[in-house]
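The values are calculated or read from the model by the stated rules, or taken from the named source; none is laboratory data. Nothing here was measured: the structure is a model prediction, and the numbers come from that model. Reconstructed Cβ throughout: ideal geometry from the backbone, glycine too, with neighbour counts over all protein chains shown. For the accessible areas, the whole protein counts, side chains as well, though only heavy atoms, and no ligand, DNA or RNA atoms are used. Shrake-Rupley method; radii C 1.70, N 1.55, O 1.52, S 1.80 Å.
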Amino acid sequence: MVFVRAPDGRTHHVDLDPSTATLADLTASASRVCGGVPPEQLRLYLAHRRLLPAEPSPLLSSLRPPGDDDGDDDGGDEEKGYDENQKFDEFEGNDAGLFSNADYDDDDREADAVWESIDQRMDSRRKDRREARLKQEIEKYRASNPKITEQFADLKRKLVDLSAQEWESIPEIGDYSLRNKKKRFESFVPVPDTLLEKARQEQEHVTALDPKSRAAGGTETPWAQTPVTDLTAVGEGRGTVLSLKLDRLSDSVSGLTVVDPKGYLTDLKSMKITSDAEISDIKKARLLLKSVTQTNPKHPPGWIAAARLEEVAGKLQVARQLIQRGCEECPTNEDVWVEACRLASPDEAKAVIARGVKAIPNSVKLWLQAAKLETSDLNKSRVLRKGLEHIPDSVRLWKAVVELANEEDARLLLHRAVECCPLHVELWLALARLETYDQAKKVLNKAREKLPKEPAIWITAAKLEEANGNTQSVIKVIERSIKTLQREGLDIDREAWLKEAEAAERAGSVLTCQAIVKSTIGIGVDEEDRKRTWVADAEECKKRGSIETARAIYAHALSVFVSKKSIWLKAAQLEKSHGTKESLYNLLRKAVTYNPRAEVLWLMSAKEKWLAGDVPAARAILQEAYASLPNSEEIWLAAFKLEFENNEPERARILLSKARERGGTERVWMKSAIVERELGNVDEERKLLEEGLKLFPSFFKLWLMLGQMEDRLGHGSKAKEVYENALKHCPSCIPLWLSLANLEEKINGLSKSRAVLTMARKKNPATPELWLAAVRAELRHGNKKEADALLAKALQECPTSGILWAAAIEMVPRPQRKAKSSDAIKRCDHDPHVIAAVAKLFWHDRKVDKARSWLNRAVTLAPDIGDFWALYYKFELQHGNADTQKDVLQRCVAAEPKHGERWQAITKAVENSHLSIEALLKKAVLALGQEENPNAADP
């Protein structure tokens, strides 16, 4: 057996008998087996079992190196014999290489390097395929043998939706292994008598006092606490918590105990007896604090802690004795004296504090404590004045004595106070407030000399000038203060000064507030950021309720940016919300004067006059607007609305005629048709609509009006033709499809309407309105199953549509509505239609508060939909009072709703064209009461 290794790395075998084969036979066979590879590129190996045949082999003779002849000497075969471990190779194993005994020269080294490079090259060519195959095998293996974590990955992802209550309700897994299921051997032994005796002693109640307590007359009984009844349990109570704390705070050093004074003092202050067992903890603390006071008697916190411990334990007399010793050991510590005063009886407290102030006459705390002990203001004032004799520069004592004095005495005291404490601004300002105008100016001037960098003095001076009617001096004082403070090297903090302006506004000093804003609003603001920064400041002040400050900021901004329309509008909104009608009108007059090309300012000014009931003034404003903006369509339409709403159709017709002559847009033609419909001129209305459609064939509202006019006149075929022509120009207009479907249902029945709606859904996919119309059409004809199927398809195509979910809630039986509403809220939480549907559920269940809350949320989310306001108002009429009804009515009038399925049907009716919003709302409520909801299923 001969093995041949080809250049591609593969090993082939050649069945040759080494005892009979020659080298030529080997070369030919090897080349044939390897596909014609030249013999010099092959590596040959022989199996070791056939390497040494019994008889001489011509192949071995040809392969044997020259000069290697078989010896005839004895023992030669042993020396050159075969050893199977001698030629062991790591690659071939015991099948040693054919030329393993040959010398390894440079040619062999070069050949091996060439073969190695070939092997690497071939391996790199097969690497990508091998790695892809390996990856595929790994994926196949993992797919057939998935891990546990992969099997439950989808379930683990769903855990993110679990609430905290659901997490807590998951039961704990128990141990159900077999070893725990085996019944363990239970042994019972008799209870020893010692244990029974101990239990009896623990339950025994001792009601008598010990001799020591009787000797003390019962004074050591805890005051205002329930007497301890089980003294045995108290004596054997656990002291783990307090002992651990005290062990942590203490450390034994050379036989002395070193304790952190703040740590243990704080712990003892917060310690309270919550059970009888904690009394044993007090004993340990008492021993520790006794060590503290004995080792370091000059340490005041130790005495205070020991006294408080006894106070907590109910031994007030011992606490007084301990703190008295503390006063003797630490006579110069004010905390010890204050504690002693607190623990002393009311009769002895004054004597204790008197000794304290005698020992420490310069302690402000002791003098204030002494004043607290007095009952009358006169005695308190005497004590404080006595303290001021020892501490004349104490601001706290001066404030306390001034608060107790009347106005005249306070003024005299403050004169003395500013002499003793000239660097305290509050004393100067208090004195200035008590003085007359001239004297206050002198006081403030002296204060400025003492405190040149204090802005509060300048602001107080400005308030003083404003209070005395010197309006011109206010701005001068503030401007001078800014210059003086900057000259003194003080940085002007713009935000701080704005806060001072707000404080001045709250104090009633409006002129001072305006002066501060005018002088400081531009400090530290880049020129390109002024508009944005000032508007943001004004809005923030408005949110905080500082209306005058916001008004002053807007006024200054408008003085700089006169032509900025956006600032004028924001200022006008501020005046509209918080100002008077006169102030708003004056502001708008200034706005249109500086911005005559801003039509929104003209319209706002005219509307405010109209709302105020001054129609001639509004008409005059619009005439001025004509002169400034002769080609503005908004001005023309506003003038038309003014005349139309005030029952002046002829004036409105003339205005619209002029607007059409000037090349009005589709809106002008639509308004013209509305006027003719109002006057009952059908032929003129049709003429205007047809002419408008020639000019604007893609304006769907003209098509709608024409089709509705034909339908109103009873010309069903003409209306259908109009709608079909309209859909050729406006195939994506949903109202046109709905109008055509309703017309087909009325003329030709459900099948035609169904076909129209199906075609509409194909051309306008994912349109909830079309799906809802199809569902309602089926319900109107009693096809409940078809309606449910359509609604299910609709929710699949439009899963976040609020109107579809609201219809789904109303269509399901009553027991299922709660679950359906929960699904709807998950899909579209902030949709007003879903919110209103849920509110109706609460309403039907008599949950009045919840229904009111959800209805309020619906009108807050969509104030422009009148259906929700009608529903809300109807609810308040049934379950509210006069105040809530009035509030809903006012909010609806302020919102001016324009949309809503039922709301538009009422507001666009010809007979309701001139009604107010209040009247329209009441009509909508009546319509809600009269109509029966076709979507609701029988409960």
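What the table shows:
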quantity	calculated
Single unsatisfied condition, Cys327 versus (1) farther than 25 Å from Arg308 by Cβ; (2) open to solvent by less than 50 Å² (accessible area, probe 1.4 Å); (3) among the hydrophobic types (A, V, I, L, M, F, W, C)	(1)
Those helices (runs of 4 or more DSSP H) lying entirely in the stretch 493-580 with at least 1 residues touching a residue at least 40 places away in the same chain (Cβ under 8 Å) and not acidic (Asp, Glu)	494-506, 510-520, 530-543, 547-560
Residue satisfying condition, being of a type outside the set (Phe, Trp, Tyr), open to solvent by 30 Å² or more (accessible area, probe 1.4 Å) and without any contact (Cβ under 8 Å) to a residue 40 or more places away in the chain, within set Arg308, Arg320	Arg320
Residues of the stretch 875-913 satisfying the condition of being outside any loop (DSSP other than H, G, I, E, B) and of a type in the set (D, E, K, R)	Glu876, Asp883, Lys886, Asp887, Arg891, Glu901, Arg902, Glu911
Residue match in the stretch 732-743 (condition: within 44 Å of the chain's Cα centre (by Cα) and farther than 26 Å from Trp805 by Cα)	no
Pair list, Cβ < 7 Å and 6+ apart or interchain, from the stretch 839-856 residues that are over 14 Å from Ser821 (Cβ atoms) to residues that are hydroxyl-bearing (Ser, Thr, Tyr) and not in a helix (DSSP H, G or I)	none
Condition met for Ser345 (under 25 Å from Asp393 (Cα atoms) and polar (S, T, N, Q))	no
Evaluation of Asp823 against (1) among the acidic types (Asp, Glu); (2) over 24 Å from Asn748 (Cα atoms); (3) touching a helix residue (DSSP H, G or I) at 6+ places or on another chain (Cβ under 7 Å) (one fails), failing number	(3)
Residue in the stretch 515-528 that is within 22 Å of Lys441 (Cα to Cα), open to solvent by 50 Å² or more (accessible area, probe 1.4 Å) and modelled with pLDDT under 90 present	no
Condition check for Glu466: open to solvent by 10 Å² or more (accessible area, probe 1.4 Å), assigned to a helix (DSSP H, G or I) and in the same structural domain as Ala515 (by the TED database)	no
Elements of type helices (runs of 4 or more DSSP H) contained in the stretch 782-850, each with 3 or more residues being of a type outside the set (Phe, Trp, Tyr), open to solvent by less than 60 Å² (accessible area, probe 1.4 Å) and within 22 Å of Thr860 (Cα to Cα)	802-811, 817-827, 832-844
Among the residues listed as Leu629, Leu656, the single one being surrounded by fewer than 21 Cβ atoms within 10 Å (Cβ to Cβ), of a type outside the set (Asp, Glu) and out of contact with any Gly (no Cβ under 7 Å at 6 or more places or on another chain)	Leu629
Unmet requirement for Gly929, which otherwise passes all of (1) more than 23 Å from Ile809 (Cβ to Cβ); (2) touching a residue at least 40 places away in the same chain (Cβ under 8 Å); (3) not in a loop (DSSP other than H, G, I, E, B)	(1)
Among residues of the stretch 529-559, those that are surrounded by fewer than 20 Cβ atoms within 10 Å (Cβ to Cβ) and among the acidic types (Asp, Glu), counted	3
Filter pass, Leu915 being surrounded by fewer than 15 Cβ atoms within 10 Å (Cβ to Cβ), over 26 Å from Pro799 (Cα atoms) and not basic (Lys, Arg)	no
Only one of Leu921, Leu871 that is open to solvent by less than 60 Å² (accessible area, probe 1.4 Å), more than 35 Å from the chain's Cα centre (by Cα) and either assigned by the TED database to the domain that holds Gln573 or at pLDDT 90 or above (or both)	Leu921
The stretch 413-442 residues that are without any contact (Cβ under 8 Å) to a residue 24 or more places away in the chain, paired with ones that are open to solvent by 30 Å² or more (accessible area, probe 1.4 Å) and of a type in the set (A, V, I, L, M) (beta carbon under 6 Å, 6 or more apart)	none
Residue count for the stretch 386-425, restricted to those that are among the polar types (S, T, N, Q) and farther than 20 Å from Lys365 by Cα	1
Ser739 being touching a helix residue (DSSP H, G or I) at 6+ places or on another chain (Cβ under 9 Å) and surrounded by fewer than 20 Cβ atoms within 10 Å (Cβ to Cβ)	no
Residue in the stretch 663-677 that is nearest to Ala639 (Cα to Cα), counting only those that are part of a loop (DSSP other than H, G, I, E, B) and touching a helix residue (DSSP H, G or I) at 6+ places or on another chain (Cβ under 8 Å)	Gly664
Among (1) open to solvent by 20 Å² or more (accessible area, probe 1.4 Å); (2) part of a helix (DSSP H, G or I); (3) not assigned by the TED database to the domain that holds Gly692 - the single one Ala766 does not satisfy	(2)
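Yes/no matrix, rows are residues, columns are (1) in contact (Cβ under 8 Å) with a residue 40 or more places away in the chain; (2) in a helix (DSSP H, G or I); (3) among the hydrophobic types (A, V, I, L, M, F, W, C); (4) open to solvent by 30 Å² or more (accessible area, probe 1.4 Å):
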| position | (1), (2), (3), (4) |
| --- | --- |
| Glu582 | no, yes, no, yes |
| Leu588 | no, yes, yes, no |
| Leu603 | no, yes, yes, yes |
| Lys609 | no, yes, no, yes |
| Pro616 | no, yes, no, yes |
| Ala625 | no, yes, yes, no |
| Ile635 | no, yes, yes, no |
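Quick grid of which residues meet (1) at pLDDT 85 or above; (2) under 47 Å from the mean Cα position of the chain (by Cα); (3) under 22 Å from Leu412 (Cβ atoms); (4) not small (Gly, Ala, Ser):
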position	(1), (2), (3), (4)
Leu434	no, no, yes, yes
Glu449	no, no, yes, yes
Ala461	yes, yes, no, no
Ile478	yes, yes, no, yes
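So that you can scan it fast, the table gives a plain yes or no per residue for (1) in contact with a helix residue (DSSP H, G or I) (Cβ under 6 Å, 6 or more places away or on another chain); (2) open to solvent by less than 30 Å² (accessible area, probe 1.4 Å); (3) basic (Lys, Arg); (4) assigned by the TED database to the domain that holds Ala507:
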site	(1), (2), (3), (4)
Val402	yes, yes, no, no
Asn406	no, no, no, no
Asp409	no, no, no, no
Lys453	no, no, yes, no
